[in-house]
Amino acid sequence: MRNTCLIFTFILISSVLFPTQSQTFKKVPKQYSLEIGPRNLFSHRNITLNNTNGFGALFDYAWQLSGFDGTKNASFISVPMGYTILPGNDAATERISMLNYGWTVRHELARNKKMIPYVGYGLFLNDLKIKGTEGSVFGHQTEFDFGLNFNTSTRLIYFVKLQYSYTSYPRFNEPERIKLHYADIRLGVRF
């Protein structure tokens with residue numbers, strides 16, 4: 001048994017150190033995205049709010065996962081960081097701000113066209129702050145989006161997307177969580 005393990009280890013190390021075929025490494029394509037647009041808080045539960053409209057911005061760093069040779073639709077995984085502000089609807093309402101970051105996956109639904117539709121899914125951590133309230137609360141955000149990429153003759157790709165977000169925050173000594181539902185329209189550029 002010991003000799004078999006030694007032989008197996010020697011073969012494994014030899015195949016790693018002295019490969020029989022030449023290895024070609026390719027650099028994975030990357031994309032940077034910048035987006036901005038209005039946000040609408042259309043539903044909330046277990047919190048008193050008078051904030052319904054605001055705006056958000058997001059920066060995204062993505063790696064391509066598939067579709068390298070153009071025969072399949074491209075897919076990307078990304079690390080986004082965004083910030084949202086929801087000012088109050090009246091003078092008595094405090095401003096709400098949210099910082100979010102996490103992971104998103106984006107699948108293009110066509111290839112080699114001027115306009116390419118895509119769908120996306122994201123999981124984020126979300127830090128909610130209310131002006132005038134000490135501290136903040138961390139929650140979970142799930143996001144779904146549908147958009148269109150507009151390819152240009154340059155490296156720039158413009159896009160528009162509609163997204164839905166669900167965010168949940170814990171409350172101390174309470175079984176029910178704070179729940180917020182958003183709809184966003186975002187305009188952006190990828191490079």
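None of the figures in this text is laboratory data; all of them are computed from the coordinates on show. Computed from a predicted model, the values in this text were never measured in an experiment. Cβ: placed from backbone, ideal geometry, glycine included. Neighbour counts: every protein chain shown.
Just a few scattered comments:
- Note on the chain: helix-only mean residue ellipticity at 222 nm, from DSSP H runs of 4+ residues weighted -39500 (n - 2.57) and normalised by residue number, equals -3000 deg cm²/dmol.
- Normalised by 2.2 N^0.38 Å, where N is the number of residues, the alpha-carbon radius of gyration of the chain equals 1.41.
- Placing a pseudo-label 7 Å from each Cα along the Cα-to-Cβ vector at residue 172 and residue 154 gives an inter-label distance of 5.2 nm.
- For the stretch 41-73 and the stretch 79-124, distance of Cα centres in Å: 2
- Within straight-line cross-link reach of residue 129, lysines at Cα separation under 25 Å, skipping those fewer than 8 residues along the same chain: 179
- Counting Lys and Arg as +1 and Asp and Glu as -1 over every other residue whose Cβ lies under 12 Å from the Cβ of residue 178, the net charge comes to +2.
- Which of 27, 161 has the fewest Cβ neighbours within 10 Å, and the rest in rising order: 27, 161
- Principal-axis analysis of the Cα atoms of the chain puts helix 2-17 at an angle of about 70° to the longest axis.
- Selected from 91, 62, 110 as most flexible by GNM, with the chain as the system and alpha-carbon contacts under 10 Å: 91
- In plain terms, the residue of 75, 66 with the fewest other Cβ atoms within 10 Å comes first and the most crowded comes last, giving 66, 75.
- Neighbourhood net charge (12 Å Cβ-Cβ; Lys/Arg +1, Asp/Glu -1) for residue 111: +1
- Near residue 96, once Lys and Arg are set to +1 and Asp and Glu to -1 for all other residues with Cβ below 12 Å from its Cβ, the sum equals +2.
- Remark: relative contact order (the chain) = 19 percent; criterion is Cα-Cα distance under 8 angstrom and separation of 6 or more residues.
- Residue-wise HN-Hα couplings along the stretch 145-151, as the Karplus relation 6.51 cos²θ - 1.76 cosθ + 1.60 with θ = phi - 60° gives them from phi, are 9, 10, x, 10, 8, 10, 6 Hz; Gly and Pro carry x.
- DSSP bridge orientation in the chain - percent antiparallel, rounded to nearest 5: 100
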